[in-house]
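The block underneath contains the structure these notes are about, expressed in C-alpha cells.
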Amino acid sequence: MSPAGVVVFVVAIVAVDAAVLWVVFRYCSRMWRSLALRFPPTDPAPDAVYKRRQSFRVNFMNLSRCVDVAVDEQALHLRPVRFARWFGVTACSVPWEHVRVKKVGRWWGVAVVGAATIAGPAWCLRLAPAQGGDAHSA
C-alpha cells in the first residue's frame, strides 16, 4: 500500500471511530436531556454553594468531572462543561422536592429523580433540605 493509501486508511478509521463515539454519546445523553426538559435551568441563588468539574452519573451515563454544580435551598443546579454540551447534554435545575436522596456516603451519594437514578458528590446531596423519612446515612 502506498503512503497516501495508508494516510487515507488511517483517516477513515479515525473518522468512523469519531462518528460512532458521537452517536453513542448522543444516545446516552438522552437520559440527561430528559431531566433538562423536565427541569429547565434556573439561576442559582446568590448564596448558593458552587463547585466546578464535579462527576455525576444519570442511570448508566457517567459524566466524570464534566458538571459544574450549584446548590441552593430551591434546587440542585447542574451545568455540563462545554465538551459535554457539544454532545447535547444540557443544563438543568432539579427542585429539591423532586429529589429523593437514597444514600449519602463519605464521597458519593445516590438520589432518585422520577425514573432516573443520579449519583454524585456527597457534599451536594448533604445540602439537600431534610426530607421526611429519607435517611442521609453512610
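Below are the figures for this structure:
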read-out: Placed amide H near V112: partners under 5 Å, 5+ positions off or other chain; value: R100, V101, K102, I118
read-out: Burial ordering of I118, I13, fewest other beta-carbon atoms within 10 Å first; value: I13, I118
read-out: Positive-end residue of V11, G109, Q74, charge dipole of the chain with Cβ unit charges; value: V11
read-out: At R0 = 35 Å, FRET efficiency that the Cβ-Cβ distance of R52 and V8 yields, to 0.05; value: 0.30
read-out: Most fluctuating residue given options A48, A122, A19, as computed from a GNM of the chain linking Cα atoms under 10 Å; value: A19
read-out: Sparse-neighbour loop sites [chymotrypsin sites (Phe, Trp or Tyr not before Pro); the range 36-138; at most 11 other C-beta within 10 Å; DSSP]; value: F60, W107
read-out: Spatial separation of Cα centroids for the range 85-101 and the range 27-69, in angstrom; value: 5
read-out: Mean ellipticity per residue at 222 nm, deg cm²/dmol - from DSSP H runs of n ≥ 4 across the chain, formula -39500 (n - 2.57); value: -11000 deg cm²/dmol
read-out: Rounded, prolate or oblate (a/c below 1.5 giving rounded, otherwise prolate when a/b exceeds b/c) for the range 31-126 by Cα gyration tensor; value: rounded
read-out: Dipole of the range 31-126, positive direction: furthest Cα of L35, P95, I118, with charges on the beta-carbon; value: I118
read-out: Dipole magnitude of the range 31-126 about its Cα centre (Cβ charges: Lys, Arg +1; Asp, Glu -1), debye to nearest 20; value: 500
read-out: Acute angle (nearest 10 degrees) that the helix 3-38 long axis makes with the longest principal axis of the chain, alpha-carbon atoms; value: 20
read-out: Sites A45 and H98 - FRET efficiency at Förster radius 25 Å, r taken between beta-carbons, to 0.05; value: 0.90
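Values in this text are rule-based calculations from the coordinates and carry no lab data. Since the model is a prediction, treat every value here as computed from it, not as a measurement. Quick reminder, even Gly has a Cβ in these numbers, built from the backbone with ideal geometry, and neighbours come from all protein chains shown.
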